[in-house]
Amino acid sequence: MAKRTIVKIDEELCDGCGACISPCAEGALMLENGKAKVIKEELCDGAGVCLAVCPTGALSLEVREAPEFSEIAVEKHLAEQKRTYIPQNCFMCNASEEERYLIAVKHKGQSRWCCTRCLPRLIHG
């Protein structure tokens with residue numbers, strides 16, 4: 001094992017909403033007993049896309065001893081699993097991810113989804 005960046009979940013802060021599950025392209029996260037959990041460390045690439053969507057701030061990144069990230073393990077895992085799909089909407093115009101691309105944004109502790117059409121307005125006011 002080597003030191004690498006991996007997702008850390010604070011179970012005290014996690015409310016089990018599941019918002020972090022679908023943004024994880026590798027399928028490394030799941031809900032277990034009402035809390036988010038990293039299924040296998042080799043599935044987590046440490047990119048942290050899940051962090052921006054967590055409404056309680058329960059997710060963070062840490063550098064620690066963990067198995068190397070494995071694209072082969074990810075491919076095998078995704079082929080075996082039914083993906084949990086939790087559709088999201090833009091907080092500004094309510095467009096769904098079926099209509100537009102959504103980006104996770106975080107500001108002053110608030111985690112939200114914003115569509116690419118509304119993003120310039122969010123940035124520039």
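Measuring gaps between exposed loop sites in the chain (chymotrypsin sites (Phe, Trp or Tyr not before Pro); DSSP loop; at most 14 other Cβ atoms within 10 Å), the longest gap, sites not included, is 1-84. Helix 71-80 and the long axis of the chain differ in direction by around 80°, with both axes built from C-alpha atoms. Close amide H pairs (under 5 Å, H built 1.01 Å from N) link MET92 with CYS115, residues at least 5 positions away or on another chain. If exposed GluC sites (Glu not before Pro) are those in a DSSP loop with at most 14 other Cβ within 10 Å, what is the longest stretch of the chain that has none? With GluC sites (Glu not before Pro) excluded where exposed in loops, the chain gives 13-67 as its longest stretch.
For the pair segment 62-125 and segment 16-39, the centres of their Cα atoms are 12 angstrom apart. Kirkwood's formula applied to the C-alpha pairs of segment 11-66 gives a hydrodynamic radius of 11.4 angstrom.
Straight Cα distances below 26 angstrom link LYS3 to the lysines LYS35, LYS37, LYS40, LYS76, with same-chain residues fewer than 8 positions distant left out.
Counting trypsin sites (Lys or Arg not before Pro) as exposed when in a DSSP loop with at most 12 other beta carbons within 10 Å, what is the longest stretch of the chain free of them?
Result, exposed sites excluded: 1-81.
D by Stokes-Einstein for the chain, Kirkwood Rh over Cα pairs, 20 °C, 1.002 mPa s: 139 µm²/s. If you take all other residues with their beta carbon under 13 Å from the beta carbon of VAL49, and give Lys and Arg +1 and Asp and Glu -1, the sum is -1. What are the aspartates and glutamates whose alpha-carbon lies under 14 Å from the alpha-carbon of LYS82, with same-chain residues fewer than 8 places away excluded? In chain and number order, the partners are GLU26. Per-residue ellipticity at 222 nm from helix content only, as computed over the chain with -39500 (n - 2.57) for each DSSP H run of at least four residues, stands at -3500 deg cm²/dmol.
Since every read-out is calculated from the coordinates, none of them should be taken as a lab result. Computed from a prediction, not measured in an experiment: that's the story for all the values here. Positions of Cβ are generated from backbone atoms using ideal geometry, with glycine treated the same way; all protein chains shown enter the neighbour counts.
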